[in-house]
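In what follows, a single structure is set out as structure tokens and then discussed.
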Amino acid sequence: MPFKLFEVDKEIPDREKHIYVKDSADPKEHIPKCNTTTIPGCMTERGCSFAGIRGVIGGAIKDVIHVVHAPVGCTTNSSGSKRYPTSPDLPNGDKVPVDQFNLKYVMGTDLKESDVIFGGMKKLRQSIIEAYKEFPFVGAIYTYATCTTGLIGDDMDAVAKQLTEELGKDVVAFNVPGFSGPTQSKGHHEGNITFFNRLVGTKEPPETTPYDVNLIGEYNIDGDNWILEPYLKEIGINILSRFTGDSSHDEICWMHRAKLSLVRCQRSANYIADLIEEKYGIPYIKVDFFGPKYCAENLMAVAKYFGLEEKAEKLIERKMKEIQPELDFYKEKLQGKKLWMFSGGPKNWHFPEPLKDHLGMETVAVSTMFEHEDGYTKIKERVGEGTVIIDDPNSLEFDEIIEVYKPDIILSGIKEKYKAHKFGVPGILIHSYENGPYIGFEGFLNLARDIYASIYSPVWNMIEFEEELEESEEEVIK
Amino acid sequence: MSCANIIKKERTSVINPLVTCQPMGAMYAVAGIRRGLPLVHGAQGCSTFVRYAFARHFREPSEIAVTSLHEDAAVFGGRKNLISGIGNLAIRFKPSLIGVISTCSSEIIGDDMGGFIKVAIEEMKKRMGEKEAEKIKIVPISTPSFVETHFKGYDNTIKALVDNLACDPTEFNEKVNIIPGIVNPGDIREIKHILALMGIEGLILTDISDPFDSPLRPSATEFKPFYPKGGTTVEEICDTSNSLGTISLCRYAGSAAVSLEKKYDVPAAVGPIPIGVQNTDQFLRNLKKFTGLEIPDTILDERGLLIDSMADIVSRYLFGRKVAVFGDPAITSGIARFVCELGMIPSVVCTGVESPEFVEEMKKVAKESDEPVDVLIRSDLRDLETHLEEDPVDLMIGHSDGRLFAKSLDIPLIRVGFPVYDRVGYHRVPIVGYNGGINLIDRITNTVFEKYYDKEHWKLQQ
């Protein structure tokens with residue numbers, strides 16, 4: 001009985017296919033049904049494909065101004081919400097003149113009723129010209145379709161093409177209206193294709209080395225890149241292009257010149273790595289830098305590709321020595337604690353093993369918003385027997401997971417975190433982190449520290465008023 | 001006496017908006033109903049982005065459902081999604097009310113929400129029995145995202161609730177309806193505090209104070225489904241037609257008040273938001289008018305505490321300082337007037353709406369100001385930034401979305417309104433009423449201390 005119908009789902013029995021309890025005796029293909037549309041009327045944690053392309057991928061680039069082609073709400077919603085900082089440095093030695101430009105500004109066409117009736121292309125054209133006037137230093141202007149513009153059928157590519165010529169700057173249209181595809185994953189996918197078709201191969205890097213890589217699917221969440229990049233540098237590997245954390249527009253245009261691609265997020269960015277391999281013959285390695293063991297193994301794999309193992313070994317040895325004592329402390333404190341991991345996708349298979357190996361924690365529940373079959377297969381491989389794996393859990397299932405699986409902590413997004421607290425269960429942010437970064441060796445310590453601080457916060461011992469105290473307890477309180 | 005210079009943004013595009021679209025206002029309003037659930041008829045981003053924004057500001061969960069429109073709905077319409085969505089939500093959550101909120105997509109597709117809801121109710125009856133189905137009120141709320149702003153969505157929602165639910169009047173209930181506008185839990189609690197001191201029972205349309213600031217007490221919380229504490233009951237909304245009067249604290253959300261007056265002779269007073277001395281005085285006069293009750297000494301003492309703070313603090317630390325106020329039109333206009341009462345100059349007042357009421361309000365404020373007031377309408381944060389680069393001020397008062405602008409301009413930002421996510425507690429601390437005025441003075445003055453006195457700290461010794 002690998003699939004499980006939750007008590008709260010008896011009125012929507014189709015949900016049974018989306019919830020699987022791991023049993024190694026089951027055939028390999030037993031995984032939750034996924035990447036299908038959510039049942040209407042659910043409180044899903046999923047977002048839209050506009051969020052996928054604008055929020056996850058596009059917004060991380062340091063020198064691009066984004067023009068959201070929509071009524072005002074989509075522009076407001078995509079302003080300053082994701083935590084991906086940028087450095088001002090550009091590949092040609094220039095600097096972006098505005099601190100955290102990508103976090104500070106977002107533009108929109110502010111569509112009104114008359115635009116819906118007569119079309120919004122004039123407004124889009126005007127807005128892009130205004131974007132250029134306001135921010136003449138940008139490397140490019142990206143513009144995004146939304147539900148409204150998808151439905152009224154504006155030809156954004158035509159506007160983008162014309163203005164690229166007129167302005168002498170890349171204007172790129174991303175045609176993924178919010179309603180397309182079951183989740184934000186569709187936005188990642190279509191976005192990858194647009195980046196590849198429209199940009200990759202259009203510019204040449206100022207210089208190349210035999211050790212050039214593309215770092216793909218790393219978005220510099222809370223500074224993750226700034227942990228990884230020094231590692232690679234120390235080993236002797238040069239990051240030629242980032243896709244897209246702390247990246248510049250130009251870097252994406254010369255991704256075809258790297259010797260190897262490293263694919264970090266294997267849900268949102270594997271597509272572009274595939275396309276680059278297919279067209280330019282540049283191979284890629286799927287990498288996993290979450291948790292010290294994976295980080296060490298994957299750094300070695302990358303180093304090996306370039307024959308730089310020795311330097312990698314030294315780095316790994318030093319880093320492990322640095323973090324081990326603190327790691328041991330957290331392991332002692334967190335041994336046996338149960339967790340529920342609820343991320344967008346890949347973090348669900350990145351984390352269960354490191355949390356078990358290094359911290360002694362047990363993953364009792366795993367759920368994702370937009371993972372596909374390949375991701376669920378990996379999740380199934382990496383979690384223990386009896387772990388419940390849930391695709392797109394809805395709000396009522398949330399309650400049942402906590403009731404049945406009794407996690408000591410939930411690693412999730414902000415919407416779920418505060419609800420978990422109402423149950424008396426601590427939660428930490430795993431999409432944008434609490435006090436990150438969480439990647440790499442020292443990043444894993446940050447994660448361990450945040451988990452420890454959440455579980456061991458004194459508040460959880462005081463959540464209910466007690467009429468009378470045992471005498472010994474009274475002593476402790478004093 | 002001075003003038004208001006009305007300046008309209010020249011750009012077509014918006015850069016860092018000060019407003020959002022209608023559905024957000026609707027979700028906020030429905031969240032203030034006891035066991036009330038918003039059901040957004042649109043794509044998932046429409047509900048998820050707003051839940052995210054609420055979580056970030058209130059640090060609370062918000063339960064908002066969505067009909068998950070996709071390509072098939074874009075082609076064939078959202079009928080199936082809406083009917084099954086209502087049914088699933090009703091049967092699984094047993095809410096007291098479902099507010100069906102339209103979006104740009106469902107409006108453009110042209111879904112007949114009223115017609116679909118009728119079918120949905122029949123389906124519900126089949127699935128859960130007539131008796132159970134009838135307990136659940138279903139209210140259609142039209143909130144096209146491409147028309148006006150979130151305030152319109154809020155206004156449309158309160159009006160839809162009253163129009164659909166208010167009963168035929170029976171006898172006076174001795175209550176006063178209050179439409180608070182888009183404010184914080186702390187503000188609503190302060191309004192209730194004033195009503196309690198007056199001896200008036202208020203009927204808040206709608207009351208988000210507990211749902212968006214609820215206790216962590218598992219033993220006293222409803223789970224499976226989770227419903228937060230508090231909120232206005234459906235019965236109370238039905239009873240609004242029996243009230244002594246309706247006060248909308250928000251000039252931009254008075255339609256429900258007007259509707260109750262027209263249909264049921266419940267007298268209406270619309271605005272101003274009771275921020276500062278004179279606006280709160282006006283609120284009390286409105287309460288007195290509707291109830292005939294005298295304003296008790298306890299309230300006049302609270303007023304006296306605010307006046308006392310102003311007397312003690314204003315002339316030395318605040319007088320003559322130039323301020324830029326930005327945000328939604330209601331809070332912005334209230335703060336601008338209060339700034340004048342503190343002897344400061346609201347040099348720039350900036351909002352995302354283009355409304356004649358706001359312009360009128362700002363003209364009044366300008367008359368009370370010693371110096372001219374630049375009023376930026378249909379504006380945005382970039383517009384404000386450009387303005388302040390040329391003509392700087394001493395302080396900015398507005399929400400967290402202005403944080404990076406304040407930082408690069410090197411002007412201290414005093415946070416008020418929605419959203420505030422880079423400081424804590426602001427959703428709990430009122431800015432309305434006399435007590436809210438005291439809080440604001442403290443917040444403003446302490447910011448002035450940090451920026452303008454810390455270097456010469458001896459100036460603060462006595």
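Structural remarks
- Cα centroids of region B:96-139 and region A:422-453: 41 Å apart.
- Dimensions (Å) - chain B, Cα atoms, principal axes, largest first: 75, 51, 45
- Using C-alpha pairs below 8 Å separated by at least 6 residues, the relative contact order for chain B is 19 percent.
- Placing R0 at 60 angstrom, the Cβ-Cβ distance between B:GLU371 and A:LYS28 gives a FRET efficiency of 0.20 after rounding to 0.05.
- Taken over region B:22-158, the convex hull of the Cα atoms encloses 94 Å³ per residue.
- Spin-label model, A:LYS133/B:GLN282: points 7 Å from Cα along the beta carbon direction are separated by 3.7 nm.
- Ordering of A:315-327, A:456-468, A:335-347 by burial proxy (mean other Cβ atoms within 10 Å per residue, highest first): A:335-347, A:315-327, A:456-468
- Peptide B:339-347 has a mean of 0 when you count, residue by residue, the C-beta atoms of other protein chains within 10 Å of its C-beta.
- Averaged over A:32-42, number of beta-carbon atoms from partner chains that fall within 10 Å: 6
- Of all DSSP beta bridges in region B:32-140, antiparallel share, percent nearest 5: 0
- Reach of A:LYS161 by Cα under 19 Å, taken over lysines that are not fewer than 8 positions away in the same chain: A:LYS122, A:LYS123, A:LYS133, A:LYS169, A:LYS203
- Rounded to 10°, Cα long-axis angle of helix B:185-198 versus longest principal axis of chain B: 80
- Histogram of C-alpha separations across region A:41-83, 5 Å bin width, %: 5, 19, 31, 24, 13, 5, 2, 1
- Spin-label pair A:ALA158/A:LYS304, simplified geometry with 7 Å Cα→Cβ offset, distance in nm: 5.4
- Residue by residue along A:106-112, Cβ atoms of other protein chains within 10 Å of the local Cβ number 6 on average.
- For a label point 7 Å along the Cα-to-beta-carbon line of A:GLU277, residues of region A:283-312 with backbone N under 14 Å: A:283-287
- Interchain or long-range residues, amide H under 5 Å from A:SER261's placed H: A:ASN214, A:TYR284, A:ILE285
- Ranked by the mean number of other Cβ atoms within 10 Å of their residues, highest first, the peptides A:188-195, B:134-141 come out as A:188-195, B:134-141.
- Mean Cα-pair separation over length for region A:49-181, i.e. relative contact order, pairs under 8 Å, 6 or more apart, %: 32
- Angle of helix B:297-313 to the longest C-alpha principal axis of chain B, folded into 0 to 90 degrees and rounded to 10: 40°.
- Amide H contacts under 5 Å for B:ARG321: B:ILE345, restricted to partners 5 or more places along the chain or on a different chain, H placed in the peptide plane at 1.01 Å from N.
- Helix B:277-291 axis versus longest C-alpha principal axis of chain B: approximately 40°, rounded to the nearest ten.
- Rounded to 0.05, the FRET efficiency of the A:ILE285 and A:GLU207 pair, given R0 = 22 Å and the Cβ-Cβ distance, is 0.40.
- Normalised by 2.2 N^0.38 Å, with N the number of residues, the alpha-carbon radius of gyration of the protein assembly as shown equals 0.95.
- Region B:96-155, relative contact order in percent, only Cα pairs under 8 angstrom and at least six apart counted: 54
- Net charge dipole size for region B:175-298 [Lys, Arg +1 and Asp, Glu -1 on Cβ; Debye, nearest 20]: 180
- For A:LYS33, the lysines whose Cα falls under 21 Å of its own Cα, not counting residues fewer than eight places away in the same chain, are A:LYS4, A:LYS10, A:LYS17, A:LYS22, A:LYS186, A:LYS347, A:LYS378, A:LYS380.
- Taken along the Cα-to-beta-carbon direction at a fixed 7 Å, the label points for B:CYS3 and B:ASP410 span 3.4 nm.
- Over the protein assembly as shown, dividing the summed -39,500 (n - 2.57) contributions of all DSSP H runs of at least 4 residues by the number of residues returns a 222 nm mean residue ellipticity of -13000 deg cm²/dmol.
- With a Förster radius of 22 Å applied to the beta-carbon distance between B:ASP297 and B:ASP442, the computed FRET efficiency rounds to 0.35.
Bear in mind these aren't lab numbers, they're just calculated from the coordinates by the rules spelled out. Note that this is a predicted model, so its numbers are computed, not measured. Cβ sites come from the backbone with ideal geometry, for glycine too, and all protein chains shown count toward neighbours.
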